[in-house]
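We did not get these values from a lab; they are worked out from the coordinates using the rules stated. Just so we're clear, the structure is a prediction, and the values are computed from it rather than from any experiment. Please note: Cβ atoms are built from the backbone with ideal geometry, for glycine as well, and neighbour counts cover all protein chains shown.
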Amino acid sequence: MIGFSVSGAILMKLKPTHIKTITEKLIALPETSYIYRSTGEYDIVTVVYAHDINHFNELVKEVKMINGVKDARISVTTELIKANPTFIL
């Protein structure tokens, strides 16, 4: 994304009673590009974009402070290998 040089994934474990309010807060963040419900160890995986690493770190702090987020794992991306937002049916 133009002006957003850092991207990453935030994988979160959530309190089940807070899933709806947490996803609403994630949706409201302009840096959030994708939000996925997932099976396995983490409940939510979100892809975010930031202007720089400081902005990314602030965003991570903000997400971790959302009430009901039990744990968050962070992964900064290093290279975009493929992006295809359209599907051929």
For helix 19-28, report the angle its Cα long axis makes with the longest principal axis of the Cα atoms of the chain; keep it between 0 and 90° and round to the nearest 10°. 40
Can you spot the aspartates and glutamates whose alpha carbon is less than 18 Å from Lys25's alpha carbon? Ignore those fewer than 8 places along the same chain. Asp43, Glu58, Glu62, Asp71
Extension gain Ser33-Val76, at 0.36 nm per residue separation less the Cα-Cα distance, in nm? 14.1 nm
So how tilted is helix 53-64 from the main axis of the chain? Cα-based, degrees 0 to 90, rounded to 10. 30
Could you tell me which of Ser5, Ala50, Thr39 has its Cα farthest along the dipole of the chain towards the positive end, charges placed at Cβ (Lys, Arg +1; Asp, Glu -1), taken about the Cα centre? Thr39
How large is Rg/Rh for the chain, to two decimals, with Cα atoms and a Kirkwood Rh? 0.98
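What percent does the relative contact order of the chain come to when contacts are Cα pairs within less than 8 Å and at least six residues apart? List each step's numbers first, then the result.
Details: 130 pairs, mean separation 37.7, N = 89.
The value is 42 percent.
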How do Tyr34, Tyr42 rank when sorted from fewest to most other Cβ atoms within 10 Å of their own Cβ? Tyr34, Tyr42
Exposed-site-free run, longest, the chain (rule: GluC sites (Glu not before Pro); DSSP loop; at most 16 other C-beta within 10 Å): 1-40
